[in-house]
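Structure record follows, encoded as structure tokens.
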Amino acid sequence: MKAVQVVGYHTTLQLTDIPEPTVEGPLDVIVRIGGAGVCRTDLHILEGQWEEKSGVALPYTIGHENAGWVHAVGDAVTNVAVGDKVILHPLITCGLCRACRFGDDVHCENSTFPGIDVNGGYAEYLRTTARSVVRIDDSLEPADVAALADAGLTAYHAVAKAAKTTRPGDVCVVIGAGGLGHIGIQVLKAISGVTVVVLDRNPAAVELAVKIGADHGIVADGTHIQQVLDLTGGHGAEAVVDFVGEGGATREGIAMLRRAGNYYVVGYGENIDVPTIDVISTEINFIGNLVGSYNDLQELMTLAAQGKVTLHTTRYRLEDFQQALDDLDAGRVRGRAILVP
Ligand SMILES: [Zn+2]
Ligand SMILES: [Zn+2]
């Protein structure tokens, strides 16, 4: 089959011909890829940023945002059948460790990560297991939802936490109206009663955020902290979901947070610098967020099937992977780039 592989770092990916993956264990599921999302992480892999962390042996097939159709299943697989449309949770998890038993898939102690440390989805077929496949509604196309497997899941995981700790009428500030922010806004409007205030430096992104459901859009122009305080009677927001996490976003975001408010860190890059006396005297909380669980992905697919969460995508043939990566690198992709074998 055709597959796009990492053959070295600081060099381009290579389209090559490798054997199709086969069922090796009783819980294995082979998926015919219908769409593989092209992610900024793929660029970072080629830059060598993951070389030490993943320890993956080269060459291997890249691509960690995958959806498609079940092609073959092991003897013990009962939750999906050949032909089912599925999206793949990004991790292959053991199901037996303490984290797995809590449903906390991301912290599985024995996981592998297709596209990062084993063969991924820039290919015609991929091997995963029964635990990682989420069946999707007939109305959904794998290529349309593939990118929700990572970027969408991460946004869902964070804002679903915010939805659980807020009440209707509370205010949630979303910092960053990019790809993750757009998913986050749609999810908040679908599952919570909060007033969504979106903040971004880019006026066009703010405009689009309001179009897809944000209650208030604020362009970061130096008056934005005051604008949030004005919208909240001077108290600040009950929740801030920060999809940026760099360039001063955390300092500003914390200034918008109400007493006893929750600060959800999703984007990253800078240090959080807060006097501890401010943390105890206001009882504010900082909450980290890493991808999401299998159940998060299933819930997100429910919202997608209901038409409440949609994602703009630009499709490329698998052979045109280099064009897709170049377009992503140059900021030319509208929404998410998807490779379709
Ligand atoms: Zn990704
Ligand atoms: Zn586990």
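The values are calculated or read from the model by the stated rules, or taken from the named source; none is laboratory data. None of the values given here were measured: they were computed from a predicted structure. FYI the Cβ positions are ideal-geometry reconstructions off the backbone, even for glycines, and counts take in every protein chain you see.
From the list 23, 38, pick out the single residue that is aliphatic (A, V, I, L, M), in contact with a strand residue (DSSP E or B) (Cβ under 8 Å, 6 or more places away or on another chain), touching a residue at least 40 places away in the same chain (Cβ under 8 Å) and surrounded by 20 or more Cβ atoms within 10 Å (Cβ to Cβ).
Values: 23 fails: surrounded by 20 or more Cβ atoms within 10 Å (Cβ to Cβ).
The match here is 38.
Could you check segment 66-114 and list, in sequence order, the residues that are within 11 Å of ligand 2 (Cβ to nearest atom), under 20 Å from residue 145 (Cβ atoms) and part of a loop (DSSP other than H, G, I, E, B)?
Within segment 66-114, just 91 meets the criteria.
Per-residue answers, yes or no, for (1) small (Gly, Ala, Ser); (2) within 16 Å of ligand 1 (Cβ to nearest atom); (3) under 22 Å from the mean Cα position of the chain (by Cα); (4) farther than 24 Å from residue 320 by Cα:
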| site | (1), (2), (3), (4) |
| --- | --- |
| 31 | no, no, yes, no |
| 45 | no, yes, yes, no |
| 53 | no, yes, yes, yes |
| 57 | yes, no, no, yes |
| 67 | yes, yes, yes, no |
| 74 | yes, no, no, yes |
| 80 | no, no, no, yes |
| 87 | no, yes, yes, no |
| 117 | no, yes, yes, no |
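Anything in segment 119-149 that is within 14 Å of ligand 1 (Cβ to nearest atom) and at pLDDT 95 or above? List them, or say none. Talk me through it step by step, then tell me what you get.
We begin by selecting, within segment 119-149, every residue within 14 Å of ligand 1 (Cβ to nearest atom); these are 120-122, 145-149.
If the condition is that a residue be within 14 Å of ligand 1 (Cβ to nearest atom) and at pLDDT 95 or above, then 120, 121, 122, 145, 146, 148, 149 are the ones that fit.
How many residues, within segment 120-148, are in contact with a helix residue (DSSP H, G or I) (Cβ under 7 Å, 6 or more places away or on another chain) and under 18 Å from residue 182 (Cα atoms)?
The total comes to 2.
Taking the stated definitions as given, is residue 42 more than 16 Å from ligand 2 (Cβ to nearest atom) and either farther than 25 Å from residue 319 by Cα or not assigned by TED's automatic domain parsing to the domain that holds residue 304 (or both)?
So residue 42 fails the test.
Can you tell me which residues in segment 232-252 are in contact with a Gly (Cβ under 9 Å, 6 or more places away or on another chain) and either among the polar types (S, T, N, Q) or assigned to a helix (DSSP H, G or I) (or both)?
Of everything in segment 232-252, just one residue is in contact with a Gly (Cβ under 9 Å, 6 or more places away or on another chain) and either among the polar types (S, T, N, Q) or assigned to a helix (DSSP H, G or I) (or both), namely 249.
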